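The values are calculated or read from the model by the stated rules, or taken from the named source; none is laboratory data. Not measured: the values here are computed from a predicted model. Cβ coordinates were reconstructed from backbone atoms using ideal geometry, including for glycine residues, and neighbour counts include every protein chain displayed.
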Amino acid sequence: MARNRMVKPEFWSDERIGMLSHTARLLFIGMWNFADDEGKISANSVYLKSSIFPYDDIEIISSLEELESRLLICKYIANRSEFYFIYNFLKHQRIDRPNESRIPNPLIKDDNVRKFYFDLVDGICPDCGRELLLKESPTVPNSYESDNNFDWTTTLNGKDSRVLSIDHIQSLADGGNNHPLNLRAVCISCNKKKGKKTLKRQILLDDNSANSSRIVGDDSALKISKDKLSKNEDNKNEKATHPLQIFILNDLPTVSKLKDQLTENQAEKLASDFEDATIKEVLTAMENYKPLLTKYKSVNLTLRNWINIRNQRMNEKLIKEKKGNGEQNNTTVRKFAKGATSAKDINAGLDKAFGKDTVGAG
């Protein structure tokens, strides 16, 4: 399914793009439209041609090779099928509600993938500055004693090996995966020194050079686009993408401090169950409730409970008005938010926002 994508003005003045043929430029933009929200797309040239150039009698294989040679895309094999990943896709595209990719990540043993990351750093290890070797030496002595003059850094298991290793920026132990933006080229020696630790440095790709890579700020935070490198989607610190998440983050400092923050899935469910004005009205009431942080933990559960009580109060008020302020005898079963001690806790915040009507402590 085609998607709307953004073309930045800088695209047209980029030197790498300027070196492409006109067909390759148009093909590259078209691939954005048909790639998934992680920048992955089928590498079937017949599919790409029919999707992007349905009315043109042209061949696109040479244009795809152009894009590969400029390190704009990389072909890889997974599940017996060929795919491309657009390397800087998430850097330049803003995806408000990204869908999980159905296309598998590349394998780090894939020769094309290894060559891509090797070329991306110009064959130089970004950690130690030594020249990388794409493969180990084809002629390795049987032992160190058999050839004292042999350069053992050219072997896989040699001391201070310079052979290419694909490193995970966010380690697998910390929830990382084989997403293209979580991979980088280093020598085996530097990768072993790093071990299973997450790289706490930020890797930036120079916008003007596809082959340059620099590491800056030893204490700077690890930056991985769109949080696709984390397995914990419900983490409190996940990037806010839904309008409700952004509203809480920007306008409700107290609510944003609750332990269990609103996830994107929860925000979408709330938006489908309640009106936007109602949600924001009750969120504001929660923000103004001083004991909020000591009484509650979950934004989602607390918000739903307060909305239900708010709606119940309004309904009872309408019934009372219709029946001439008559007594209404009904029993309401309430589900309290996680961390709430009693109905009195909830009503204290709602009373301030909506007034004291017919609902008591229950």
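Residue pairs whose Cβ atoms lie under 9 Å apart, sitting 6 or more positions apart in sequence or on different chains, and linking a residue in the range 50-73 that is closer than 21 Å to D14 by Cβ to a partner that is among the polar types (S, T, N, Q) and part of a loop (DSSP other than H, G, I, E, B), are S62/S21; S63/S21; E66/S21; L71/N211; L72/N88.
So which residues in the range 171-188 are under 16 Å from L107 (Cα atoms) and assigned to a loop (DSSP other than H, G, I, E, B)? Once the filter is applied, which keeps residues that are under 16 Å from L107 (Cα atoms) and assigned to a loop (DSSP other than H, G, I, E, B), the range 171-188 yields S171, G176, N177, N178, H179. The residues of the range 248-281 that are loosely packed, with under 14 Cβ neighbours inside 10 Å and among the aliphatic types (A, V, I, L, M) amount to a single one, A277.
Taking (1) at pLDDT 90 or above; (2) not in a helix (DSSP H, G or I) in turn, K335 satisfies each apart from (1).
The listed residues are S225, S143, and the only one of them that is at pLDDT below 60, surrounded by fewer than 19 Cβ atoms within 10 Å (Cβ to Cβ), of a type outside the set (A, V, I, L, M, F, W, C) and on the phi < 0 side of the Ramachandran plot turns out to be S143.
Out of the range 20-77, which residues are of a type in the set (K, R) and part of a helix (DSSP H, G or I)? Result: R25, K49.
Among the residues making up the range 52-89, those that are surrounded by 13 or more Cβ atoms within 10 Å (Cβ to Cβ) and of a type in the set (G, A, S) are S63, S69, A78. Going through (1) more than 24 Å from I95 (Cβ to Cβ); (2) modelled with pLDDT under 90 one by one, E281 falls short only on (2).
The residues of the range 279-300 that are farther than 18 Å from F247 by Cβ, part of a helix (DSSP H, G or I) and not basic (K, R), listed by number, are L293, T294.
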